[in-house]
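Trainee: Next up is a structure, given as structure tokens.
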Amino acid sequence: MAEYTIGMDLGGTNLRAAAIDKSGRMLDKISGATNFAQGREAVLGDISAAISKLREKHGAAGLAGIGVGVPGFIRMQEGIITGSNNLPYLEGVPIREEINRRLGSAVILENDANAAALGEKWMGAGRDVEDLVLLTLGTGIGGGIIAGGRVLRGVVGMAGELGHITVVPNGNPCGCGNQGCLEKHASATAVTAMAQLMHLGEGLTAKDIGDLARTDSEKGEKARTIWRVMGEALGIALAMLINTFNFPLYLLSGGVLPSWEFFEPHMVRMARQRSYTFRATVNETRIAQATLGNEAGLYGAAYLPWAENASK
Ligand SMILES: [Zn+2]
């Protein structure tokens, strides 16, 4: 029987789970809503029900492991979620024990952006390298660092919180307590907030602001300014990352990618200006788009058991 693993991506409003074989072929995928209004028991129930469904369908015998990506910090040793804005019900819950108990088998937890980075390394834009950084630019900015093919976790699993590195001293205040965090200046949310301040329209999405930037108009000019400012903030962060890691690959994903053409030149210019390492390694350093989109987290979660076994 072919071996497979189950990966789950647990979001603020939905969960998705997939059975994926060792070669990276997706055998099956299911998705559903997470019942936050119903509280912790309901969410834990939804998680184990989705995993059980896939396990029953594809057989317990071939199941090599289960990985779950969660939006929040995870204390890896204890298997506890701490500091999750999206999953307040699960804060402080020994989630690994709870899922283990319900399923009768072990699960591996990982921060969702770390899982996405691992997914890109396994089956996406990073498959040819051992070292990469992924930035997910959405509502906030998540970060994942893969070093030597493995997730860089730090002492308790909180490494890679790249959305909260400072790119503007005394910049916009952030929920984390800092000011000028990358995610306050370069996330899709930051872009839409700038558009609102510049009176480009109500309720615009990052995609709308990209569409505006394509127009030859006063609003188009303003939209292009927003993407320049966003690209420069991103470039400052990338310069720091390149100086820190000297990795071959820095990947970007999320809702801002359709406007790549508008922010990329400014991002690269700023990264070059601020990083000698980047200028000296321009042929060996790539800043590129991730390729798995929101499937990255599923692939990465499913890869966790294989990565864990390989490190034993
Ligand atoms: Zn912050």
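The values are calculated or read from the model by the stated rules, or taken from the named source; none is laboratory data. From a predicted model like this one, the values you see are computed outputs, not experimental measurements. Backbone-built Cβ (ideal geometry, glycine too); neighbour counts: all protein chains shown. Calculation scope for accessible area: heavy atoms of the full protein, side chains included, ligands and nucleic acids excluded. Shrake-Rupley method; radii C 1.70, N 1.55, O 1.52, S 1.80 Å.
Trainee: Of these, E97, E91, which one is surrounded by 15 or more Cβ atoms within 10 Å (Cβ to Cβ) and of a type in the set (D, E, K, R)?
Mentor: Exactly one of E97, E91 is surrounded by 15 or more Cβ atoms within 10 Å (Cβ to Cβ) and of a type in the set (D, E, K, R), namely E91.
Trainee: Taking L238 and the conditions (1) crowded, with 22+ Cβ neighbours inside 10 Å; (2) assigned to a loop (DSSP other than H, G, I, E, B); (3) of a type outside the set (K, R), which numbered condition does it fall short on, given that it satisfies the others?
Mentor: (2)
Trainee: Related question: Every residue in region 37-56 that is out of contact with any helix residue (DSSP H, G or I) (no Cβ under 8 Å at 6 or more places or on another chain) and open to solvent by 70 Å² or more (accessible area, probe 1.4 Å), please.
Mentor: Correct list: A37, Q38, E41, K53, E56.
Trainee: Inspect region 116-126 for any residue being open to solvent by less than 40 Å² (accessible area, probe 1.4 Å), modelled with pLDDT of 95 or more, within 16 Å of the ligand (Cβ to nearest atom) and not basic (K, R) and give the result as yes or no.
Mentor: no
Trainee: Check whether at least one residue in region 195-218 is hydroxyl-bearing (S, T, Y), under 19 Å from C181 (Cα atoms) and surrounded by fewer than 21 Cβ atoms within 10 Å (Cβ to Cβ), and report yes or no.
Mentor: There is no residue in region 195-218 that is hydroxyl-bearing (S, T, Y), under 19 Å from C181 (Cα atoms) and surrounded by fewer than 21 Cβ atoms within 10 Å (Cβ to Cβ).
Trainee: Something else about it: On the basis of being under 22 Å from A18 (Cα atoms) and either basic (K, R) or part of a loop (DSSP other than H, G, I, E, B) (or both), does R153 make the cut?
Mentor: When the stated conditions are applied, R153 does not pass them.
Trainee: Can you name the residue in region 275-312 that is surrounded by fewer than 21 Cβ atoms within 10 Å (Cβ to Cβ) and of a type in the set (G, A, S) and is also nearest to the chain's Cα centre (by Cα) among such residues?
Mentor: Among those residues, the one meeting the criterion is G293.
Trainee: Among the helices (runs of 4 or more DSSP H) lying completely within region 169-235, list those that include at least 2 residues that are within 16 Å of the ligand (Cβ to nearest atom).
Mentor: 183-186, 188-197
Trainee: What's the number of the only condition in (1) free of Cβ contacts under 8 Å to residues at least 60 places away in the same chain; (2) buried (at least 24 other Cβ atoms within 10 Å of the Cβ); (3) more than 16 Å from the ligand (Cβ to nearest atom) that G143 fails to meet?
Mentor: (3) is the only condition that G143 fails.
Trainee: Considering I66, I108, I81, which residue is farther than 30 Å from R286 by Cβ, in contact with a Leu (Cβ under 7 Å, 6 or more places away or on another chain), aliphatic (A, V, I, L, M) and in a strand (DSSP E or B)?
Mentor: I81
Trainee: Go through region 115-156 and give me each residue that's of a type in the set (A, V, I, L, M, F, W, C), farther than 20 Å from H185 by Cβ and in contact with an Asp or Glu (Cβ under 8 Å, 6 or more places away or on another chain).
Mentor: Scanning region 115-156 gives A115, L118, L132, I146, A147, V151.
Trainee: Oh, and also: In region 15-36, how many are open to solvent by less than 40 Å² (accessible area, probe 1.4 Å) and part of a strand (DSSP E or B)?
Mentor: Qualifying residue count for the region: 10.
Trainee: Checking R272 against (1) part of a helix (DSSP H, G or I); (2) surrounded by 18 or more Cβ atoms within 10 Å (Cβ to Cβ), which single condition isn't satisfied?
Mentor: Looking at each condition in turn, R272 falls short on (2).
Trainee: If you don't mind, another one. Among the residues that make up region 162-172, is at least one of them farther than 20 Å from N294 by Cα, surrounded by fewer than 22 Cβ atoms within 10 Å (Cβ to Cβ) and within 15 Å of the chain's Cα centre (by Cα)?
Mentor: Among the residues of region 162-172, at least one is farther than 20 Å from N294 by Cα, surrounded by fewer than 22 Cβ atoms within 10 Å (Cβ to Cβ) and within 15 Å of the chain's Cα centre (by Cα), which makes the answer yes.
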